[in-house]
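Colleague: Please see the structure below; I have some questions.
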């Protein structure tokens, strides 16, 4: 026995000619013993095997032509497409529709629909066949019903989102919210830091206008932070502090004030008190001297330093060597300390405490 698969090229009552994939043909004998199936149904006679159809044949080799024991017609895949029409009227399971060009067609569907459909848009799953004014559809769906379902689904999702209590979902929302708040705060901090430098360096006649512009900016940021739910304390903390990076260009005699000049050339004088933290990059307490590169965080209202971080000397070792040590510490540098308190050490390797006396400002000692 052998299996043959191909396309029916010709047939008679007692034979069938099948064209194979390689283009060759084979003729098979068909008789009363030949079993014929179309899809999953038994059939009788060659009328059930149309020319052009695909077949799978189980054949028995004989001395002459091979005999077909079983012929199965492979059903072709029906062609379908979705199309949208305007519904005109319905009569049982026959629907009259109009396409986008105004042509009217009849569509036969497998169920009855209401005749109260005039003007509705509907999408049909059509089975395409020969050109005709009547088409067959496996299913239909009104666009208005689709819209209603989508709206209902959206409302359901909205309700679920509002009532969602799962810990992971809550954590994701809180993280996203925190990220937005952090970006807003960082952007605001940069803007206000820049305002502080511009105002410090501005001529006296321009300061009032710049301060008004800064105050309007602050109000805008306050509203933005409030809209994202930032706490009042967090908002005050961000709005109330500034940061300046630059070089210490002056230190007062008693060490209670320093002047930091930014890379933009703005000079801002800062107060130091008992709460001001003065540290190195390694978090060791230290002195402040003219020529130090620092990052200072200070209270905007009082210009009092909250923290001053002195950048390590070895960050600029190469540059110091090239410039004969001009940027290194030297005896000409003036430490932010109070000599009256017993002579503060300005060594980098030791821990130095910062104290404030009511009548003498800051003193720095071991």
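We did not get these values from a lab; they are worked out from the coordinates using the rules stated. Please read all numbers here as calculations on a predicted model, not as lab measurements. Every residue, glycine as well, gets a Cβ built from its backbone with ideal geometry; the counts of neighbours run over all protein chains shown.
Colleague: Relative contact order of the range 146-265: what whole-number percent is it, with Cα pairs under 8 angstrom and at least 6 residues apart? The partial results should precede the final answer.
Modeller: Working: 60 pairs, mean separation 26.1, N = 120.
Over the range 146-265, the number comes to 22 percent.
Colleague: Cβ neighbours within 10 Å, averaged per peptide: list 80-90, 251-261, 170-180 in order, most packed at the top. It would help to have the intermediate numbers written out before the result.
Modeller: Details: 80-90: 15.7, 251-261: 20.1, 170-180: 11.2.
The densest-packed peptide leads the list: 251-261, 80-90, 170-180.
Colleague: For the range 173-239, what is the relative contact order in percent, using Cα pairs closer than 8 Å and at least 6 residues apart in sequence?
Modeller: Values: 21 pairs, mean separation 31.5, N = 67.
Answer for the range 173-239 is 47 percent.
Colleague: Within 10 Å, count the other beta carbons around each residue, average over each peptide in 266-278, 17-29, 286-298, and list them highest first. If you can, show how the numbers build up before the last one.
Modeller: Values: 266-278: 17.8, 17-29: 13.8, 286-298: 21.2.
Highest mean packing first, the order is 286-298, 266-278, 17-29.
Colleague: Pairs of alpha-carbon atoms within less than 8 angstrom and 6+ residues apart define the contacts here; what relative contact order does the range 43-109 have, in percent? Intermediate values should be presented prior to the final figure.
Modeller: On the way: 77 pairs, mean separation 12.3, N = 67.
In percent, rounded to a whole number, it is 18.
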